Amino acid sequence: MLGICRGRRKFLAASLTILFVPAITWIYLFAGSFEDGKPVSLSPLESQPHSPRYAVSSQQERESLEVRVREVEEENRVLRKQLSLAQGRGPVHHRGNHSKTYSMEEGTGDSESLRAGIVAGNSSECGQQPVVEKCETIHVAIVCAGYNASRDVVTLVKSVLFHRRNPLHFHLIADAIAKQILATLFQTWMVPAVRIDFYDADELKSEVSWIPNKHYSGIYGLMKLVLTKTLPSNLERVIVLDTDITFATDIAELWAVFHKFKGQQVLGLVENQSDWYLGNLWKNHRPWPALGRGYNTGVILLLLDKLRKMKWEQMWRLTAERELMSMLSTSLADQDIFNAVIKQNPFLVYQLPCFWNVQLSDHTRSEQCYRDVSDLKVIHWNSPKKLRVKNKHVEFFRNLYLTFLEYDGNLLRRELFGCPSEADVNSENLQKQLSELDEDDLCYEFRRERFTVHRTHLYFLHYEYEPASDNTDVTLVAQLSMDRLQMLEAICKHWEGPISLALYLSDAEAQQFLRYAQGSEVLMSRHNVGYHIVYKEGQFYPVNLLRNVAMKHISTPYMFLSDIDFLPMYGLYEYLRKSVIQLDLANTKKALIVPAFETLRYRLSFPKSKAELLSMLDMGTLFTFRYHVWTKGHAPTNFAKWRTATTPYRVEWEADFEPYVVVRKDCPEYDRRFVGFGWNKVAHIMELDAQEYEFTVLPNAYMIHMPHAPSFDITKFRSNKQYRICLKTLKEEFQQDMSRHYGFAALKYLTAENNS
């Protein structure tokens, strides 16, 4: 800070020198050209000396003065060069964590007077330089509703986290959908020095529902108007952002602009960068009243305490009521009402520099902004077309956006050193569990994976489900990674009921999946499929965590626990719903087994009936699942009996049994210690048996496994001896845990394992 002030003093001294030294010099020269009150010409052509002595004296004076003039001009040239260099460097930004404060660049007030403060010689500016304390919490409010907005806001948050050096407190005005998605996301993201509070957007609807709104944001686009009522009464200031914002700088720089507000200024806004409010975009275009071009509300600085004292709530309501009498509805949601208020009360607004909200709308004039500045700070995709907006520089802005869209969010879990964080019970428990592990254990990585918290984004795409009236609905549950994406369309064609899928993807792969799904007519026509993204972390495929995520977020009373490589028979969904009633699954502990088969052919004429399937079995086109490599995994299903069965029949648990089953949604979760390949389903079926589930085979149900390349995890299992040793160790520990939990009845699992 002191260095900045010294630099400004040098800057001021240089300016004064350039202004005053030439003036004094020429006054001296002009005054020295008088003798006895009469002007004396310095020109040798005009000078007519009256004596030789005078001529010599006059010549010497002229030579002396000319030398002095050249010296002064040289000094001025050097000073001008130094001044231009100082202007080119601009203010120094201290951004390291070692710095106590950050210096923030000049904003622009109503008359741009602050920008000229240095040149005007305002020496008090050094003492008033706006700063943000290193550990000062920055408050950010965002209105977010629905599946798409919940996905969009993540990119905004990533861009803020990437640049930030201060604790953040996000105030999210969210509907029930967004709250479920974002609460889980932030809970599993576990970013230090970030706090999240939710406010029920549905409770605020009555505050703004009386305002007709044509904007695509709907009723939620009006909720920024009621933030003074919604946010805590002790919160004095907040930055309000739209979800389609991307930050290219530290948000602390924007927070510092609050220090520049003067008088009754309570709103910080950037001028609208289109001609919308000028009313000349098309014939008979009639916008709401605005001051000049008006202001864009994608980025707002709100001084909440002063707004409350000014009775903001009453102010905007009266304005809206008056204007709606003639305008009938808003076209740009809250922005129209904000501008109408500012039109009547221009003293309320502090005009932010344009680079705090570079607007890429359909009729944007933002090029006039970024043509003049090299440091763009906030990009605003405020067109309904978003990334498809027409702009000759759109590739530059799109690449900036894509940088954060596909950026690995796990890398943003960095500590703010020197800033105390609030105690997080989940984080503390995790650290305690990890500290109890032995890092010298050869199976340490396996054990550690059990406690790894994976960032999870629920309902990545739009989801709709209407419960069945008979309460018999069944959800197909599965998990997959990017290399099994091609199975989705086929499964959707075979299963018309609800589906819950957990996808293990990186941030970049999640965007590839999004593009794939949006380009698929089959997937876009299905709204009852829940896609839950579990982001990659660690070296193992967390298969049972993925299954648990998919199981936890079903909306039906029953679920079919499948795998992504299997295609269910046509009509299985309706058949299972009937079986649920027939076998009274609601009141009994049953696991209904769907017999599994496989084909080695990539192109299969899928059997339409059990009779056709049996014929293909006899011809060798189909086989019972894993008959060649892992017979005992499905042997207890008793395929010989199934061939002729017409009614459901019961089978007993045996070692290594791992059928695909239909169960109630309250069945136990999968054990997370099993990752990658091996024993992940076996352990779950063992626990169902320990809890006295009855295994019942359905006589007219089947599913077929489709061929694919071996997974990376099965390759590691086959080639890595230590992998197999660790899996054996985990099996033994699981069986011991079963014995401790279920007592004498669980001893059979140890005996069966020893005999197998």
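The values are calculated or read from the model by the stated rules, or taken from the named source; none is laboratory data. Computed from a prediction, not measured in an experiment: that's the story for all the values here. FYI the Cβ positions are ideal-geometry reconstructions off the backbone, even for glycines, and counts take in every protein chain you see. Calculation scope for accessible area: heavy atoms of the full protein, side chains included, ligands and nucleic acids excluded. Shrake-Rupley method; radii C 1.70, N 1.55, O 1.52, S 1.80 Å.
Of the listed requirements (1) open to solvent by less than 50 Å² (accessible area, probe 1.4 Å); (2) under 16 Å from Asn700 (Cα atoms), Lys641 misses just one: (1).
Might you let me know whether the range 445-453 holds any residue that is in the same structural domain as Ile714 (by the TED database), of a type in the set (Phe, Trp, Tyr) and either part of a helix (DSSP H, G or I) or in contact with a strand residue (DSSP E or B) (Cβ under 7 Å, 6 or more places away or on another chain) (or both)? Checked the range 445-453: no residue is in the same structural domain as Ile714 (by the TED database), of a type in the set (Phe, Trp, Tyr) and either part of a helix (DSSP H, G or I) or in contact with a strand residue (DSSP E or B) (Cβ under 7 Å, 6 or more places away or on another chain) (or both). Only one entry of Tyr573, Tyr531 meets the criterion of being open to solvent by 10 Å² or more (accessible area, probe 1.4 Å), of a type in the set (Phe, Trp, Tyr) and modelled with pLDDT of 95 or more, and that entry is Tyr573. So which residues in the range 431-444 are open to solvent by 50 Å² or more (accessible area, probe 1.4 Å) and not in a helix (DSSP H, G or I), if there are any at all? Within the range 431-444, Glu436, Asp438, Glu439, Asp440, Leu442 qualify. When Leu505, Leu545 are checked against the criterion of being open to solvent by 10 Å² or more (accessible area, probe 1.4 Å) and more than 23 Å from Lys578 (Cα to Cα), Leu545 stands alone in meeting it. Being surrounded by fewer than 22 Cβ atoms within 10 Å (Cβ to Cβ), in a helix (DSSP H, G or I) and either assigned by the TED database to the domain that holds Leu222 or free of Cβ contacts under 8 Å to residues at least 60 places away in the same chain (or both) is the filter here, so list the residues in the range 161-185 that pass it. The answer is Ala176, Lys179, Ala183. Just one of the listed residues (Thr188, Thr228) is part of a helix (DSSP H, G or I), closer than 30 Å to Asn429 by Cβ, among the polar types (S, T, N, Q) and open to solvent by less than 50 Å² (accessible area, probe 1.4 Å), namely Thr188. Screening Asn638 on (1) in contact (Cβ under 8 Å) with a residue 40 or more places away in the chain; (2) within 22 Å of Pro498 (Cα to Cα) shows it passes everything except condition (2). Residues in the range 508-522 that are among the small types (Gly, Ala, Ser) and open to solvent by less than 10 Å² (accessible area, probe 1.4 Å): Ala510, Ala517, Ser520.
For the range 200-212, which residues satisfy the criterion of being crowded, with 19+ Cβ neighbours inside 10 Å and either out of contact with any Leu (no Cβ under 6 Å at 6 or more places or on another chain) or of a type in the set (Ser, Thr, Tyr) (or both)? Hits for the range 200-212 are Ala201, Leu204. Based on what the data block shows, is Val629 within 46 Å of the chain's Cα centre (by Cα), open to solvent by less than 60 Å² (accessible area, probe 1.4 Å) and assigned by the TED database to the domain that holds Ala490? Criteria not met by Val629. Within the range 489-502, the set of residues being open to solvent by 20 Å² or more (accessible area, probe 1.4 Å) and not in a loop (DSSP other than H, G, I, E, B) comprises Glu489, Ala490, Lys493.
Screening Glu658 with (1) in contact (Cβ under 8 Å) with a residue 24 or more places away in the chain; (2) among the acidic types (Asp, Glu); (3) surrounded by fewer than 21 Cβ atoms within 10 Å (Cβ to Cβ) gives one miss only, at (3).
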